[in-house]
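These notes are about the structure you will find just below.
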Amino acid sequence: MEISILQKVRYTYKPKLPASLSGDIRDIALNFGEPTEAISDQEALKDIFKHTYGKPLATFTKGTMAGMGAELKVALILSGGQAPGGHNVIAGIFDGLKKANPASKLYGYLEGPAGLLENKYIELTGEIIEEYRNTGGFDIIGSGRTKIESPEQFAASLKNAKALGLKAIVIIGGDDSNTNAALLAEYFIEKGEDIQVIGCPKTIDGDLKNEHIETSFGFDTACKTYSELIGNICRDANSAKKYWHFIKLMGRAASHIALECALQTQPNVCIISEEVEAKKMSLEAIINQICDSIVKRADKNENFGVVLIPEGLVEFVPEMKKLISELNDVMAGHEAEFAALHFFEEQLSWLQKKISADSYQFFNSMPPQFAKEFLADRDPHGNVQVSLIETEKLLISMVKARLSMLKQEGTYKGRFSALGHFFGYEGRCAFPSNFDTDYCYTLGYGAFVLIAGGLTGYISSVKNLVADAKDWVAGGVPLTMMMNLEQRHGSKKPVIRKALVELEGAPFKTFARQRDAWALETSFHYPGAIQYYGPPEVCDQTTKTLQLEHIK
């Protein structure tokens, strides 16, 4: 297979490691802090995780470990959606494993957790690894979204791990996947088996982070990829001066991507879901906010602009959140009855008797083409598939209607032409930035050291990420430390808490201070493409979010 020149050159890039992981791998040891507590529900979680709760934070230091040179068999799983840099996590694990003992073996379960359950795997040899270093995607072994939940699934996981003679499993995934890692680690100990489980923090959404996990891998590259595209559109809008571009961005539970892209490109409007929820902003209020910018810019004869919209916005708007909740309940309880209705008019009449008057009135007020999206095929849990709702086009339709009214009132004299876009998959498998290339390699290398140190129920971590890579602080965080209990499918379940945009945090406050000016003026920034070679201040920069969060 012919490969691009960039890929050929990227193969030669040598990821940077922090000083604590550099040099001879046999000179690395673990340093432990005090016992830890979960973020809430401590007693309940202590009961669920009897063997792994309360472990101390771990950091790497110079020294020796008895288990560092042992011959090991380690397997890994790519779990959930793709994120740039995953291949370098694998390369880091592989290099650490082979440096410690060349006879050790690394396996990859195919297509996510299902590979472990179905015992489908390959050995990851040096020849295979060399083809994927510093590249995007998860295509080395594929990924999947299967959850290990039932007693039968846990038993199958143990059976297959033992059959392969594994010392450890590394689960590379987001909050749900790493929650699964914690449960699997506990299960193995409960069954008397010495099979370790280590996690790595992955998600472009940026919602797996806390005091000790400063960012999830892939967020940097994805945001830079989207920001390049947004910047290109901003420049096109400023050149043609005739379109308003409504751009939906990935991020269902949190608006980190939208906020970071706004900080990088300075659009006229950026909606932050967490602010919408905190202020209980109605859909009408959001439409008015967008229209206010459009009208004021039209007064300056600037009938163009850019609006950023987080993917999960509809779940934060109060009346839409209520509608989705009621639809989920009704569909779950009357699935067969609803399936027998083949025409929208029939569905509308049926829903009028099943949901509240307020929700029905709101549902019926939406343009039919968008209302139908709320009734489309459900996800595996029977819920509305929010990602399939074309929020950007819904907002365009409603803004257009509102501007038509304002024109009749004589308060708007501009021209409105709009285009909708959704940037999602474009960023998930991009060539990783230098930051993600280095960060992911460090996460993987560190994951191996945690295994060599005999730890289980930990997630590989790296702190001080705005500094030079040599000054990064690598180690491990107990997964139970990041957990709370949440209502899932009718009962309380242990989960790693998603990190939402903090309205009191420096990134949002920086955005909030400037957005009124952006709404009126053409203040676009054009970040350009990700740079891999050149001055460090150009090639190795972190996200604006991370930089702002480190300002003391």
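The values are calculated or read from the model by the stated rules, or taken from the named source; none is laboratory data. Worth saying up front: this structure is predicted, and the values here are computed from it rather than measured. Counting neighbours? That spans all protein chains shown, and the Cβs are built from the backbone with ideal geometry, glycine included. Only protein heavy atoms, including side chains, enter the accessible area calculation; ligands, DNA and RNA are left aside. Shrake-Rupley method; radii C 1.70, N 1.55, O 1.52, S 1.80 Å.
Within region 457-469, being open to solvent by 10 Å² or more (accessible area, probe 1.4 Å) and on the phi > 0 side of the Ramachandran plot holds for one residue alone: N464.
Under the condition of being surrounded by 15 or more Cβ atoms within 10 Å (Cβ to Cβ) and either touching a helix residue (DSSP H, G or I) at 6+ places or on another chain (Cβ under 9 Å) or under 15 Å from A298 (Cβ atoms) (or both), the residues counted in region 384-399 number 11. Beta carbons closer than 6 Å, at least 6 apart along the sequence or on distinct chains, pair a first residue in region 147-170 that is free of Cβ contacts under 8 Å to residues at least 60 places away in the same chain and among the hydroxyl-bearing types (S, T, Y) with a second that is open to solvent by less than 50 Å² (accessible area, probe 1.4 Å) and not in a loop (DSSP other than H, G, I, E, B) for S157/L116.
Just a yes or no: is a residue in region 264-284 within 31 Å of the chain's Cα centre (by Cα), free of Cβ contacts under 8 Å to residues at least 60 places away in the same chain and open to solvent by less than 20 Å² (accessible area, probe 1.4 Å)? Yes: region 264-284 contains one or more residues that are within 31 Å of the chain's Cα centre (by Cα), free of Cβ contacts under 8 Å to residues at least 60 places away in the same chain and open to solvent by less than 20 Å² (accessible area, probe 1.4 Å). The number of residues in region 32-74 being of a type in the set (A, V, I, L, M, F, W, C), free of Cβ contacts under 8 Å to residues at least 40 places away in the same chain and within 30 Å of E123 (Cβ to Cβ) comes to 1.
Output the number of residues of region 1-39 satisfying the condition of being part of a loop (DSSP other than H, G, I, E, B) and surrounded by 12 or more Cβ atoms within 10 Å (Cβ to Cβ). Give the steps one after another, and end with the answer.
Start the filter on region 1-39 by keeping residues that are part of a loop (DSSP other than H, G, I, E, B), which leaves 1-4, 12-18, 22-24, 36-39.
If we keep only those that are surrounded by 12 or more Cβ atoms within 10 Å (Cβ to Cβ) too, we end up with 13, 15-18, 22, 36-39.
Result for region 1-39: 10.
Cβ-Cβ distances below 6 Å connect the following pairs, each with a first residue in region 247-258 that is in contact (Cβ under 8 Å) with a residue 12 or more places away in the chain, a second residue that is open to solvent by 10 Å² or more (accessible area, probe 1.4 Å) and aromatic (F, W, Y), and a separation of six or more residues or different chains: K248/F422; L249/F423. Looking only at residues of region 40-63 that are basic (K, R) and part of a loop (DSSP other than H, G, I, E, B), we find that the one that is nearest to the chain's Cα centre (by Cα) is K55. Taking the criterion of being open to solvent by less than 40 Å² (accessible area, probe 1.4 Å), in contact with a Lys or Arg (Cβ under 9 Å, 6 or more places away or on another chain) and under 30 Å from G136 (Cα atoms), the residues of region 400-431 that qualify are G420, F423, G424, G427, A430.
Being over 22 Å from the mean Cα position of the chain (by Cα), closer than 30 Å to V74 by Cβ and free of Cβ contacts under 8 Å to residues at least 12 places away in the same chain: is that true of A467 here?
Yes: the conditions hold for A467.
Within region 470-549, considering only strands (runs of 3 or more DSSP E) that don't extend past its boundaries, which have at least 3 residues that are among the hydrophobic types (A, V, I, L, M, F, W, C) and surrounded by 13 or more Cβ atoms within 10 Å (Cβ to Cβ)? Break it down stepwise before answering.
Numbers: elements: 473-478, 483-488, 491-496.
Output list reads 473-478.
Looking only at region 223-249, which residues are buried (at least 24 other Cβ atoms within 10 Å of the Cβ) and within 25 Å of G81 (Cα to Cα)? Selection gives C223, K224, T225, Y226, S227, I230, F246, I247, K248, L249. Report yes if some residue within region 70-86 is more than 16 Å from L106 (Cβ to Cβ), in contact with a Pro (Cβ under 8 Å, 6 or more places away or on another chain), assigned to a loop (DSSP other than H, G, I, E, B) and modelled with pLDDT of 95 or more; otherwise report no. Yes, some residue in region 70-86 is more than 16 Å from L106 (Cβ to Cβ), in contact with a Pro (Cβ under 8 Å, 6 or more places away or on another chain), assigned to a loop (DSSP other than H, G, I, E, B) and modelled with pLDDT of 95 or more. Here the condition is being under 25 Å from the mean Cα position of the chain (by Cα), modelled with pLDDT of 95 or more and among the hydrophobic types (A, V, I, L, M, F, W, C); of I294, I324, I309, it holds for I309 alone. Of all residues in region 128-145, exactly one satisfies the criterion of being farther than 23 Å from N434 by Cα and charged (D, E, K, R), namely R145.
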